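**Student:** Before we start, here is the structure in question, set down as structure tokens.
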Amino acid sequence: MKRILLIVTMVSLQLAGTQAENAIGEKAPDFTLQDQYEKTVSLRQYDGRIIVLIASDKEGKAQNAGWTKAIKEKYANRVTVQGIADVSSAPFFLKGKIRNDFKKDGDSILLDWKGEVFRTYGLTKVVSNVIFIDKDGMIRHRSSGTASPEAVQELFKKIEASK
């Protein structure tokens, strides 16, 4: 029985990953979350603008800064960068402390308390996830991991091609 459960879980994870990879060229699913200042933000607020979502859990957080810095240096205000933190594993009684910890960052970070965005977009834990959404709300690029020069250039190529 355990073996069957393991096989079913593995197949489900593979299908979820395949579905997420096939999301390139599809409309980005909408979501609404609050940031650390309790401001409600919806993805649809960014309609008509280029947006790059940078999402991670606590373990992948260290990789986010490289992506954010590279995008802001190249595009400044022409590309919106929105951070999303998967805080679904945090105990509910720590919400206030977690919000305050994120306030130290300064930039708006959307707090995904239920892990909904991570599930919907098929994001990977323990690493930084980057999703480029064009002005029409279409997903044009996805990657995960560190902001290596090659990975950053690949993202920049996709952004330039969408203009």
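**Student:** From the list S162, S108, S128, which one is closer than 19 Å to V41 by Cα, in contact (Cβ under 8 Å) with a residue 40 or more places away in the chain and not β-branched (V, I, T)?
**Tutor:** Numbers: S162 fails: closer than 19 Å to V41 by Cα; S128 fails: closer than 19 Å to V41 by Cα.
Checking each option against the conditions leaves just S108.
Each row is one residue, and each column tells you yes or no for (1) closer than 20 Å to I51 by Cβ; (2) in a loop (DSSP other than H, G, I, E, B); (3) β-branched (V, I, T).
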site	(1), (2), (3)
T68	yes, no, yes
I71	yes, no, yes
K74	yes, no, no
V81	yes, no, yes
S88	no, yes, no
K95	no, no, no
L111	yes, no, no
V152	yes, no, yes
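**Student:** Kindly check whether there is at least one residue in segment 128-149 that is more than 12 Å from the chain's Cα centre (by Cα) and part of a helix (DSSP H, G or I).
**Tutor:** Yes, segment 128-149 contains a residue that is more than 12 Å from the chain's Cα centre (by Cα) and part of a helix (DSSP H, G or I).
**Student:** Among the candidates K61, K39, single out the residue that is over 13 Å from I139 (Cβ atoms), at pLDDT below 95 and open to solvent by 10 Å² or more (accessible area, probe 1.4 Å).
**Tutor:** Details: K39 fails: at pLDDT below 95.
Within the list K61, K39, the selection yields K61.
**Student:** Report yes if I139 is under 17 Å from K72 (Cα atoms), at pLDDT 95 or above and among the β-branched types (V, I, T), otherwise no.
**Tutor:** Judged against the criteria, I139 is not a match.
**Student:** Would you tally the residues in segment 86-97 being aliphatic (A, V, I, L, M), modelled with pLDDT under 95 and under 18 Å from E116 (Cα atoms)?
**Tutor:** 1
**Student:** Then there's this: Does D101 qualify as being within 22 Å of T32 (Cα to Cα), in a loop (DSSP other than H, G, I, E, B) and open to solvent by 30 Å² or more (accessible area, probe 1.4 Å)?
**Tutor:** no
**Student:** Something else: Within segment 130-163, which residues are open to solvent by less than 30 Å² (accessible area, probe 1.4 Å), of a type outside the set (G, A, S) and closer than 20 Å to G66 by Cα?
**Tutor:** Of everything in segment 130-163, those that are open to solvent by less than 30 Å² (accessible area, probe 1.4 Å), of a type outside the set (G, A, S) and closer than 20 Å to G66 by Cα turn out to be V130, I131, F132, I133, H141, V152, L155, F156, I159.
**Student:** In segment 35-49, which residues are within 14 Å of the chain's Cα centre (by Cα) and outside any strand (DSSP E or B)?
**Tutor:** Matches in segment 35-49: L43 only.
The values are calculated or read from the model by the stated rules, or taken from the named source; none is laboratory data. Model, not experiment: these values are computed from the prediction. Positions of Cβ are backbone-derived with ideal geometry, glycine not excepted, and every protein chain shown enters the neighbour counts. For accessibility, only protein heavy atoms count, side chains too; no ligands or nucleic acids. Shrake-Rupley method; radii C 1.70, N 1.55, O 1.52, S 1.80 Å.
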